[in-house]
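Remarks on the structure that follows.
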Amino acid sequence: MKKKDIVLILAVLILAGVVWIILQFVPGRGGSLLKITVDGRVYGTYPLDEDRTIEIGGTNTCVIEGGVVSMTEANCPDLICVHTKSVDAKGGTIVCMPNRVVLEIVNRETNEDIPDAVAG
C-alpha cells in the first residue's frame, strides 16, 4: 500500500467515527413520541418519558420503559415483532404484519418520523 492509501483510509475512518458520535449524541430528541397505528389508523401517541404498558386492540402489548419501546406480547404466529430490537428516541419502527400494528418514533413538534440513523 502506498502512503496516500493509508492516509485516505485513516481519513475515512476518522470521518465515520465523527459522524457516529454526532448521531449518538444529537440533542433535542427528548421530545419524541411513540405513535401506534393499527390497520393504517392512529391508535394513539404516547410520550417516551412516561413509563407505561399499552394493550393494543387485544392483539399486542408494548411497553415504554426508560425511554425505550418494545413489543412484549403478540398473538401472531411468528412473533417477529416481539423479537425485534427495542426502539428509542433516536428513531425506529417495530411492525407486527399479521396484526397490522406499527410502533414508530415521531417528533413531538412535527409528528413526523425521526430519520433512522442508518438509512437517514
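Each reported figure results from applying straightforward, stated rules to the coordinates on display, with no laboratory input. Remember, predicted model here, so these are calculated numbers, not experimental data.
The table for this structure:
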{"quantity": "Nonlocal amide H pairs with Gly92, under 5 Å, H built at 1.01 Å", "calculated": "Ile105, Ile114"}
{"quantity": "Overall form of segment 32-107 per C-alpha gyration tensor (a/c, 1.5; a/b vs b/c)", "calculated": "prolate"}
